[in-house]
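Visitor: I have a structure I would like to understand better, so I am pasting it below and will then ask my questions one at a time.
What follows draws every value from the coordinates through simple rules; no lab data is involved. Everything numeric in this text was worked out from a predicted model, so none of it was measured. Glycine also receives a Cβ, built like all others from the backbone with ideal geometry; neighbour counts cover every protein chain displayed.
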Amino acid sequence: MSVEAHAGRLKNEADEPGWEVDPDDDWGVAVVATVGRQLKLRREARGMRAAEFGDVVGYGEDMVYKIESGKRIPRPEYLDMADEVLEAGGLLAAMKEDMKKVRYPKKVRDLAKLEAQAVELQLYDPLNIHGLLQTPEYARALLLMRRPAYTQEEVERFITARVARKAVFERDPAPELSFVLEEWTLRRPLGGKAVLRSQLEHLLEAGQLRSVELQVMPMDREEHAGVDGGIEVLKFADGSAVGRSSVVAGGRPVSEPRQLRILELRYGIIRAQALTPRESAAFIEQLLGET
């Protein structure tokens, strides 16, 4: 894309929500400040005023100052443009990966890092379709239900983070992923029936992946080991594991064998009580036909 085309696009996107720096994220604040300082030093070394540079890349002078002072996360296109205009030889463009990570909330970033290292994931969410399985439209509808309400910036930040976590499905070799979904979460039309239909179709596609086992817990079950809340167990190549549940260690991640055994025992029973993956796929297809 030409410099002019990039600039025109950036003018339309400069003020979009989701690019503010989270002041509580110490690492993110430090990284964005460092990148901003590098941008400023290189601009000044080229003898360009902020207003002049802004005209070239499609940003206002005020936005350029915000980025250079570490108050605004630069878009990938901005860094590409800056690298070209300031003749940085790829050094500024190389910072895009760190900027991508900064956009994710810290707790989501930490979780995504663990998911990227795990060779097996066991996941049960009794309240919603699990975040790794959510379509962007479903995730948006779910986030907009939050009370007190998230800001638009927070909504965009969380959606970006959830979409990025889906990279776990693209790893090679892929980790083994096991999900147990509650029937009632598959029937609730958050965002409308069109959003629900798209979500159910996405679940059927995900369930066809060789590395994914997707099971549904029907509402008519008289026995259910998941009444104490959600469960996450991540296992790693070295034999270690980390788990989390709202009723174990106050919801904090645990790696102690005794606590992990409790989580794995519960998850195993939940899976045994749910429909098989084949039965679950047929059940979701039935729901899709009814929606």
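Visitor: Residues of segment 46-80 with backbone nitrogen within less than 16 Å of a virtual label 7 Å along the Cα-to-Cβ line of GLU87, please, listed as ranges.
Guide: Of the residues in segment 46-80, 46-49 have backbone N under 16 Å from the label point off GLU87.
Visitor: For the pair MET219 and ARG278, how long in nm is the line joining their label points, each one 7 Å along Cα→Cβ?
Guide: About 2.7 nm separates the two model spin labels.
Visitor: Quick one: P(r) of segment 19-173 from all Cα-Cα pairs, 5 Å bins, percents rounded to integers, in order of increasing distance.
Guide: It works out to 1, 8, 16, 18, 16, 13, 11, 8, 5, 2, 1, 0, in whole percents.
Visitor: Next question. Quickly estimate the mean residue ellipticity at 222 nm for the chain, helices only: each DSSP H run with n ≥ 4 gives -39500 (n - 2.57), and the total goes over all residues, rounded to 500.
Guide: On the way: 13 runs with 150 residues, N = 291.
Using -39500 (n - 2.57) per qualifying helix, the result is -16000 deg cm²/dmol.
Visitor: Given 0.36 nm per residue, what is the gain on full extension from ALA51 to GLU285 after removing their alpha carbon distance, in nm? Before the final figure, lay out each step's value.
Guide: Numbers: separation 234, 0.36 × 234 = 84.24 nm, distance 5.66 nm.
Contour length minus Cα-Cα distance gives 78.6 nm.
Visitor: Hey, another quick one. Using the Karplus equation 6.51 cos²θ - 1.76 cosθ + 1.60 (θ = phi - 60°), what ³J(HN,Hα) coupling, rounded to whole Hz, does each residue of segment 254-259 give in order, writing x for Gly and Pro?
Guide: 10, 10, 6, x, 5, 6
Visitor: Another question, then. Which whole-angstrom value gives the distance between the alpha carbon centres of segment 111-151 and segment 220-291?
Guide: Computed from Cα coordinates, the inter-centre distance equals 15 Å.
Visitor: Relative to the present Cα-Cα distance, how much length would full extension add between ASP26 and GLU176 at 0.36 nm per residue of separation?
Guide: Here the segment from ASP26 to GLU176 would lengthen by 50.7 nm.
Visitor: Same structure, new question: What Kirkwood hydrodynamic radius do you get for segment 129-213 when you take the inverse of the mean 1/r over all pairs of distinct Cα atoms, in Å? Could you put the intermediate results ahead of the total?
Guide: Working: mean 1/r = 0.0728 Å⁻¹.
For segment 129-213, the Kirkwood estimate is 13.7 Å.
Visitor: What does the convex hull of the Cα atoms of segment 178-256 come to per residue, in Å³, rounded to a whole number? Numbers along the way, then the final one.
Guide: On the way: hull volume 10.4 nm³, N = 79.
Value for segment 178-256: 131 Å³ per residue.
Visitor: Oh, and also: Output wanted: per-residue J couplings in Hz (rounded whole) for segment 91-102, from phi through Karplus 6.51 cos²θ - 1.76 cosθ + 1.60, θ = phi - 60°, x for Gly and Pro.
Guide: Ordered by residue, 3J(HN,Hα) equals 5, 6, 4, 5, 7, 4, 5, 5, 5, 4, 5, 4 Hz.
Visitor: Something else: Extending each Cα 7 Å along its Cβ direction at ARG252 and ARG197, get the distance between those two points in nm, one decimal.
Guide: Taking the two extended label points, one gets 4.8 nm.
Visitor: How high is the FRET efficiency from ARG187 to LEU114, r the C-beta distance, R0 30 Å, rounded to 0.05?
Guide: 0.45
Visitor: Give the Rg (one decimal place) followed by the Dmax (whole number) of the chain, computed from C-alpha coordinates and expressed in Å.
Guide: Using the Cα atoms of the chain, the pair Rg, Dmax is 22.4, 74 Å.
Visitor: What list of ³J(HN,Hα) values in whole Hz, one per residue of segment 118-131 in order, does the Karplus curve 6.51 cos²θ - 1.76 cosθ + 1.60 (θ = phi - 60°) give from phi, with Gly and Pro shown as x?
Guide: Ordered by residue, 3J(HN,Hα) equals 6, 9, 8, 10, 10, 9, 9, 10, x, 9, 9, 4, 4, x Hz.
Visitor: I want to verify a result. In a Gaussian network model of the chain, Cα cutoff 10 Å, which of these has the top mean-square fluctuation: ILE129, ILE159, ILE270?
Guide: ILE270
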